[in-house]
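Only one structure is covered here, and it is reproduced in the block below.
The values are calculated or read from the model by the stated rules, or taken from the named source; none is laboratory data. Computed from a prediction, not measured in an experiment: that's the story for all the values here. Cβ coordinates were reconstructed from backbone atoms using ideal geometry, including for glycine residues, and neighbour counts include every protein chain displayed.
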Amino acid sequence: MSSLDRDANVLGALALVVADQTSAAIAAASGQSVSGAAALSALHQFLDRPSLDRLRRVLGLTPSGAVRLVDRLVASGLVTRGPGTDGRSRSLVLTPQGRRAAERIVAARANALRELLQRLSPEQRAALSALLDALMEGAVAGKDGGAWICRLCDLGACKRDEGRCPAANAAAAKYGSSNSRGGSAGWS
């Protein structure tokens, strides 16, 4: 087994640990599935009254899956449906309860990730930061469709407004510039 194979295997195992820990933290904080949490987070952070189809594309869901998810969020009092922009569609809006849930989701995810990173020295974190930026650039460059990368991100934490978000920077290089709220380049 080559060192590349070993590193790939360890990275895969770590990816599962990170996914499991953040999913558990999100579920404990909100009572939502990862898709439900991603919907609430996206509605709170960067989607401004999107249509069901727009939310579906952000989350990488089928149309029927998105309808079921939104129905659950509406039934839970977290989202309401309002008039759409074109008279035919409906927009999705967080309720105050939904905003609070989204804030808990972002905080729970951040806490779970911080716990993992606190095991590293400042020097190790600096080295990891550079590696993460390079990996994210490659992930965005190779991504074609599917769920948006930043659907659960804390957009303030990545310093997107300062030009330091590796996903937004890589997407801007691939697709061109985007605006700060829901432009496709930042989250492809």
>> The conditions are (1) surrounded by 15 or more Cβ atoms within 10 Å (Cβ to Cβ); (2) out of contact with any helix residue (DSSP H, G or I) (no Cβ under 6 Å at 6 or more places or on another chain), and D5 fails exactly one of them. Which is it?
In response: (1)
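Looking at the stretch 52-92 only, could you name the residues that are of a type outside the set (S, T, N, Q), touching a helix residue (DSSP H, G or I) at 6+ places or on another chain (Cβ under 8 Å), outside any helix (DSSP H, G or I) and farther than 12 Å from A39 by Cβ? Spell out how you get there, then give the answer.
Just the residues of the stretch 52-92 that are of a type outside the set (S, T, N, Q), to begin with: 52-61, 63, 65-75, 77-79, 81-84, 86-88, 90, 92.
Then keep just the ones that are touching a helix residue (DSSP H, G or I) at 6+ places or on another chain (Cβ under 8 Å); that gives 52-53, 55-56, 58-59, 61, 63, 65-67, 69-70, 72-73, 77-79, 81, 90, 92.
Retained after the next criterion (residues that are outside any helix (DSSP H, G or I)): 61, 77-79, 81, 90, 92.
Those that are of a type outside the set (S, T, N, Q), touching a helix residue (DSSP H, G or I) at 6+ places or on another chain (Cβ under 8 Å), outside any helix (DSSP H, G or I) and farther than 12 Å from A39 by Cβ: G77, R81, R90.
Yes/no matrix, rows are residues, columns are (1) at negative phi; (2) free of Cβ contacts under 8 Å to residues at least 24 places away in the same chain; (3) not assigned by TED's automatic domain parsing to the domain that holds A75:
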{"site": "T95", "(1), (2), (3)": "yes, yes, no"}
{"site": "I105", "(1), (2), (3)": "yes, no, no"}
{"site": "A108", "(1), (2), (3)": "yes, no, no"}
{"site": "N111", "(1), (2), (3)": "yes, no, no"}
{"site": "R114", "(1), (2), (3)": "yes, yes, no"}
{"site": "R125", "(1), (2), (3)": "yes, yes, yes"}
{"site": "L131", "(1), (2), (3)": "yes, yes, yes"}
{"site": "M136", "(1), (2), (3)": "yes, no, yes"}
{"site": "A141", "(1), (2), (3)": "yes, no, yes"}
> Among the candidates L73, L40, L52, L94, which residue alone is buried (at least 18 other Cβ atoms within 10 Å of the Cβ), touching a strand residue (DSSP E or B) at 6+ places or on another chain (Cβ under 9 Å) and more than 24 Å from A107 (Cα to Cα)?
Replying inline: L52
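Among the listed residues A107, A134, A101, identify the single one that is out of contact with any His (no Cβ under 8 Å at 6 or more places or on another chain), exposed (fewer than 13 other Cβ atoms within 10 Å of the Cβ) and not in a loop (DSSP other than H, G, I, E, B).
A134
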